[in-house]
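Trainee: Here's a structure for you.
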Amino acid sequence: MAELQEVQITEEKPLLPGQTPEVAKTHSVETPYGSVTFTVYGTPKPKRPAILTYHDVGLNYKSCFQPLFQFGDMQEIIQNFVRVHVDAPGMEEGAPVFPLGYQYPSLDQLADMIPCILQYLNFSTIIGVGVGAGAYILSRYALTHPDTVEGLVLINIDPNAKGWMDWAAHKLTGLTSSIPEMILGHLFSQEELSGNSELIQKYRNIITHAPNLENIELYWNSYNNRRDLNLERGGAVTLKCPVMLVVGDQAPHEDAVVECNSKLDPTQTSFLKMADSGGQPQLTQPGKLTEAFKYFLQGMGYMASSCMTRLSRSRTASLTSAASIDGNRSRSRTLSQSSESGTLPSGPPGHTMEVSC
């Protein structure tokens, strides 16, 4: 496995008081399915997994995750974990357009590239954070390499293959809409697109004028040709690590995420439904998602002394007694938030987080 490129850059972003610039190292490695580029922030921490992210269609790691990982309260997390941001092939900044006839990897093959990344970095375990297509890819990887995945945060995951009705609707939409508009409809709700906010205008411009739009279309086609993950609660095919499912209450993938939640082990799964967050909660509600991520890490046994700064803790007597029954590291911590009180308590597995803004 040969290294193709290694570039050291300094990330340009506003610094917090007393904070030094993060140094990012970008690498490209060869895999059986082509080259893949990824960017590493921080240094490995002893006995701690790396946080590995995978972005959705139409985006790269910066446009998908930068608002989340640059959020002030997220700094406490990134100081405790090394981060690996993977760009799907041809999605990295400055990527050349693939030649005509290029066979883009399937989502399964994209998942099979991840072991090459971990081998190159000499990392043994990860906590995956994926959005949309990236959430599917990380789930597929976790199913085939369960011993290397300590936890998953899956935003807008659709574990199902497209059915005939979906294909028909997709083909019909393709007759009247451009590829950028179809991808925007995948990323954002119709309410958001109709509102045409500054955020929507920004991402419409990013996708419509992307110099690698042909590559984006190939990734989009691979996503639409995904296989069913065949998840089954209590069955042989299931995610064996703690999982936090995240979706906005206005997201186009809400039903798919709810269905995914019904197929996973309730003692290992937390479901975060974010009110008023639209299709991309990591962009629109980075504070609330950061807070939930901290609780998720605490439930895995990391960052036990973390200071929750944005939302106050609140536990009812019943939740406290239930949560105290099992304090082992493998337990997934489940959260819920009252829209009236604005509190985010932790509780027993199997409950749903409903976060109101």
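Trainee: Provide the per-residue ³J(HN,Hα) series for segment 199-205, in order, calculated from phi with Karplus coefficients 6.51, -1.76, 1.60 and θ = phi - 60°, each as a whole number of Hz, with x at glycine and proline positions.
Mentor: 4, 5, 4, 4, 6, 5, 5
Trainee: Please report, to one decimal in angstroms, the Kirkwood hydrodynamic radius of segment 214-260 built from all distinct Cα-Cα pairs.
Mentor: Working: mean 1/r = 0.0761 Å⁻¹.
Its Kirkwood hydrodynamic radius stands at 13.1 Å.
Trainee: Write down the accessible area per residue of segment 23-298 in Å², having rolled a 1.4 Å probe over the full set of protein chains.
Mentor: Each residue of segment 23-298 exposes 38 Å² on average to a 1.4 Å probe.
Trainee: Turning to a different aspect of this structure: If r is the Cβ-Cβ distance from PHE98 to ALA161 and R0 is 35 Å, what FRET efficiency results, to the nearest 0.05?
Mentor: Calculated transfer efficiency: 0.90.
Trainee: How large, in Å, is segment 23-298 by the Kirkwood hydrodynamic radius built from its alpha-carbon pairs? Working shown, then result.
Mentor: Details: mean 1/r = 0.0532 Å⁻¹.
The Cα-based Kirkwood calculation yields 18.8 Å.
Trainee: Something else about it: Measure of size requested: the Rg and Dmax of segment 63-159, with Cα atoms as the atom set and Å as the unit; please supply both.
Mentor: Cα-based Rg and Dmax for segment 63-159 come out at 14.4, 45 Å.
Trainee: Then there's this: Taking only C-alpha pairs under 8 Å that are 6+ residues apart, what is the relative contact order of segment 23-298 in percent? Display every interim value, and only then the final one.
Mentor: Details: 484 pairs, mean separation 57.8, N = 276.
It rounds to 21 percent for segment 23-298.
Trainee: Which entries of LYS25/LYS288; LYS273/LYS294; LYS25/LYS294; LYS162/LYS202; LYS162/LYS240; LYS47/LYS273 show an alpha-carbon separation above 20 angstrom in the structure shown?
Mentor: Working: LYS25/LYS288 29 Å; LYS273/LYS294 16 Å; LYS25/LYS294 25 Å; LYS162/LYS202 29 Å; LYS162/LYS240 25 Å; LYS47/LYS273 31 Å.
Where the Cα-Cα span goes over 20 Å, the pairs concerned are LYS25/LYS288; LYS25/LYS294; LYS162/LYS202; LYS162/LYS240; LYS47/LYS273.
Trainee: Just to make sure I understand: if all protein chains stay in place, what is the order of TYR223, TYR102 by accessible area at 1.4 Å, largest first?
Mentor: Details: TYR223 10, TYR102 70 Å².
Greatest to least solvent exposure: TYR102, TYR223.
Trainee: Sort the following peptides by mean Cβ neighbour count (other Cβ atoms within 10 Å, averaged over residues), highest first: 199-206, 249-256, 232-239. Please list the in-between numbers first.
Mentor: Working: 199-206: 15.1, 249-256: 18.0, 232-239: 12.5.
Descending packing order for the listed peptides: 249-256, 199-206, 232-239.
Trainee: Convex hull volume of the Cα atoms in segment 196-307, per residue, in Å³? Write down the numbers at each step before the final one.
Mentor: Details: hull volume 16.4 nm³, N = 112.
Taking the convex hull of the Cα positions in segment 196-307, it is 146 Å³ per residue.
Trainee: Using θ = phi - 60° and the Karplus relation 6.51 cos²θ - 1.76 cosθ + 1.60, list the HN-Hα couplings for segment 95-100 in order, rounded to whole Hz, with x at every Gly or Pro.
Mentor: Ordered by residue, 3J(HN,Hα) equals 5, x, 6, 5, x, 4 Hz.
The values are calculated or read from the model by the stated rules, or taken from the named source; none is laboratory data. On a predicted model such as this, the values are computed, not experimentally measured, just so you know. When we count neighbours, we look across all protein chains shown, and the Cβ atoms used for this are built from the backbone with ideal geometry, even at glycine. Each accessible area value is taken on the protein alone, full model and side chains, heavy atoms only, with ligands, DNA and RNA left out. Shrake-Rupley method; radii C 1.70, N 1.55, O 1.52, S 1.80 Å.
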